[in-house]
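Before any comments, here is the structure.
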Amino acid sequence: FALGFYAFIHSAQNAQRTIQVAIIADMPPATVPRQLMTEIPETVSVTVTGSRTQLDALRGKLLDPIPLNLRAAQNVDDLRITGDMITGLPLGVKVTRIIPSSLAIRWEALIQRSVDVQVAITGRTAEGMEMEGSVQVSPQKIMASGPTSAVSVLQVARAAAFDVNGLVEGTYKRPLALESPPRNVKWDAA
């Protein structure tokens, strides 16, 4: 009887536990000409309190993900994560802290801009040969699309170097790959 009473008393004591809860972001449709510049975390740390038995029941159980409606947050600078957004907790378990409890949301307008394609020359032509003129690039321009802060500062789109090592008289054509664009930027055919 004494052991049962001891277990009953200690199981009713409040305890605290921190668990990770996933976030699911509902993004605006692709037709919205804005891009989210804030990195949304995959999870948040949620500290809950309740009886030991209730918290032990949470062990290994996945709570429902927290839905973040970013469709509605397009004009919001600060998105709050509150305890009522966390579902699937046993009755009597309370959320005491969420880290992070808010996300600074930053959107940028998407733009397109034409930039020149630049090709560097590497190597040396065969002995006694000189390169006449310059490398002709086709296409000479390419469209860059992405957030304003990234696209507006682009000067050129760089292609892989054109290797003239050992070339003799003649005209040479080579397909050259474009270097990867900066983060959040895409190259589109002009």
On the given criteria, is A189 open to solvent by 60 Å² or more (accessible area, probe 1.4 Å) and under 30 Å from E39 (Cα atoms)?
yes
Would it be correct to say that I81 is within 23 Å of the chain's Cα centre (by Cα), within 19 Å of P33 (Cα to Cα) and free of Cβ contacts under 8 Å to residues at least 60 places away in the same chain?
no
Here are some residues: Q118, Q112, Q136, Q155. Which one is touching a strand residue (DSSP E or B) at 6+ places or on another chain (Cβ under 8 Å), over 30 Å from T49 (Cβ atoms) and exposed (fewer than 11 other Cβ atoms within 10 Å of the Cβ)?
Q155
I'd like to know if the stretch 121-140 contains one or more residues that are under 30 Å from the mean Cα position of the chain (by Cα) and either among the hydrophobic types (A, V, I, L, M, F, W, C) or not in a loop (DSSP other than H, G, I, E, B) (or both).
no
Among what's in the stretch 1-26 and is modelled with pLDDT of 85 or more and aliphatic (A, V, I, L, M), pick the residue that is surrounded by the most Cβ atoms within 10 Å (Cβ to Cβ).
V21
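The values are calculated or read from the model by the stated rules, or taken from the named source; none is laboratory data. Just so we're clear, the structure is a prediction, and the values are computed from it rather than from any experiment. Every residue, glycine as well, gets a Cβ built from its backbone with ideal geometry; the counts of neighbours run over all protein chains shown. Please note that ligands, DNA and RNA were not included when accessible areas were found on the heavy atoms of the full protein model with its side chains. Shrake-Rupley method; radii C 1.70, N 1.55, O 1.52, S 1.80 Å.
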